[in-house]
Amino acid sequence: MTRHSRTIPAGSERSLHQAYDTALLDLDGVVYAGGEAIAHAVDSLAAARAGGMHLAYVTNNALRTPDAVAEHLSELGIPTEAGEVITSAQAVARLIAEQVEPGAKVLVIGGEGLRVALRERGLVPVDSAEEEGLAAVVQGYGGPDLPWGRFAEAAYAVNRGVPWYASNTDLTIPSARGIAPGNGAAVEVVRIATGTEPQVAGKPLPPMHRETVLRTGAKRPLVIGDRLDTDIEGAFNGDVDSLLVLTGVADAAQLLRAEPKYRPTYVDRDLRGLLTGQPEVVAAAGGGFRCGDWTAVALDGVLELRGEPGGEESEPAGGDGAMDGLRALCAAAWTQAGEGSCGLDAGKALARLGL
């Protein structure tokens, strides 16, 4: 099934860690949030690796170096080498290096991850827009304490015609306290001040996919993420399969409204979904779509959920049964929407699932 025609979540008789050779894992909202491991992530990844799956960590967060990310993951109980981490800083550094002279000076608006990636490509990171021979400006997430003056420094250079690059444009980033502004919000500040658009490297755009393939050599990759507009769209653009986990930014309601480029191949509650197969979603005899004990139908502007032992008045399902219900709802919603976005009311159905 092509990405453009997906209207039903896929099933898999084999567990996903056996069906794919490499997991391309997002970090924030998938493996950890606010620096702490997400529930079930450590054990699930250990089991997937023990079962023969290669793990690679692909992040749009350009703040930290691969060494720092690998050290953090190892401290969380996920043994990781720096070579298993791919960042948007690396992708944007390659993009810049292909367009400027070797040894060129690049104004950095961001953190150490950008500086290390630029040096890896033979470029020279600098801090001032007044540097003689400045060849580019690059902007990446610099953490919550990045001084406001750094955005002004970028604007001075861009307004003089210096080419502008951004590691990524994620508007938000998960944190221990909730959803915080991401690099995309900072990029908007410079965009407003300059009226200019940057070249962007990170997910969901091709430079990040290319960087990931070059560094991992994956043959049958599975993209795993928590965001529809970066992780899942990036998989769509790269024509590879994807697993959405509901531990970060995207929620069930957003998933049901997803346009084709945002629709994952699979959906599960968390990374335990790597260790299991995915139940098949089938057309129901009386109409709609069935997955497990649930049948979802689109009727009179509403997505309706039927089934689940215990009857219509039972408590929210929770657990694995809730994921079966969500998969059935996805099929009903996406089929009704076609190439668009489903506008049907799913509130009651999702409440029944505890979602």
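The values are calculated or read from the model by the stated rules, or taken from the named source; none is laboratory data. All values derive from a computational prediction rather than experimental measurement. Cβ: placed from backbone, ideal geometry, glycine included. Neighbour counts: every protein chain shown. Heavy atoms of the whole protein, side chains included, go into the accessibility calculation; ligands, DNA and RNA do not. Shrake-Rupley method; radii C 1.70, N 1.55, O 1.52, S 1.80 Å.
Points to keep in mind about this one:
- Helices in the chain that qualify as membrane-span-like (whole DSSP H runs, Cα extent of at least 20 Å along the helix axis, mean Kyte-Doolittle hydropathy of -1.0 or higher) are 319-337.
- A convex hull fitted around the alpha carbon atoms of the chain yields 135 Å³ per residue.
- For the chain, the relative contact order works out to 20 percent when only alpha carbon pairs closer than 8 Å and six or more residues apart are counted.
- Looking at region 68-97, the GluC sites (Glu not before Pro) that sit in a DSSP loop and have at most 13 other Cβ atoms within 10 Å of their own Cβ are Glu81.
- For region 146-302, carbon and sulfur atoms together expose 53% of the accessible surface, with a 1.4 angstrom probe and every protein chain in place.
- Region 76-174, Cα convex hull volume normalised per residue, Å³: 110 Å³
- Glu339/Ala283 FRET efficiency (R0 22 Å; Cβ-Cβ; nearest 0.05): 0.65
- Candidates Thr276, Thr169, Thr212, ranked by Gaussian network fluctuation over the chain, Cα under 10 Å, top entry: Thr276
- Spin-label model distance (nm) - Arg49 vs Glu13, 7 Å beyond Cα toward Cβ: 3.1 nm
- Between Thr87, Thr196, Thr216, the residue with the greatest mean-square fluctuation in the GNM of the chain (Cα pairs under 10 Å linked by springs) is Thr196.
- Estimated translational diffusion coefficient (Stokes-Einstein, Kirkwood radius over Cα pairs, 25 °C, 0.890 mPa s) of region 176-259: 169 µm² per second.
- GNM result for the chain, Cα springs below 10 Å: residue of Gly325, Gly161, Gly11 fluctuating most strongly: Gly161
- Modelled spin labels at Glu36 and Glu101, positioned 7 Å past Cα toward Cβ, are 5.2 nm from each other.
- Fraction of beta bridges assigned by DSSP in region 168-321 that are antiparallel (%, nearest 5): 70 percent
- Take Tyr262: with every protein chain present and a 1.4 Å probe, its accessible area is about 60 Å².
- The separation of region 177-197 from region 8-56, counted between C-alpha centres, amounts to 30 Å.
- Dipole magnitude for region 78-154: about 120 debye, using +1 per Lys or Arg Cβ and -1 per Asp or Glu Cβ, origin at the Cα centre.
- Stokes-Einstein translational diffusion, region 1-149 - Kirkwood Rh over all Cα pairs, 1.002 mPa s, 20 °C, in µm²/s: 123 µm²/s
- In this structure region 14-88 gives 35 Å² per residue of accessible area when probed at 1.4 Å with all protein chains present.
- Extension gain, Arg210 to Glu120, is 30.7 nm, computed as 0.36 nm per intervening residue step minus the present C-alpha separation.
- Calculated on the alpha-carbon coordinates, the convex hull of region 128-243 measures out at 123 cubic angstrom per residue.
- Take the Cα radius of gyration of region 245-305 and divide it by 2.2 N^0.38 Å, N being the number of residues; the result is 1.24.
- Lysines with Cα under 30 Å of Lys348, excluding same-chain neighbours fewer than 8 positions away: Lys261
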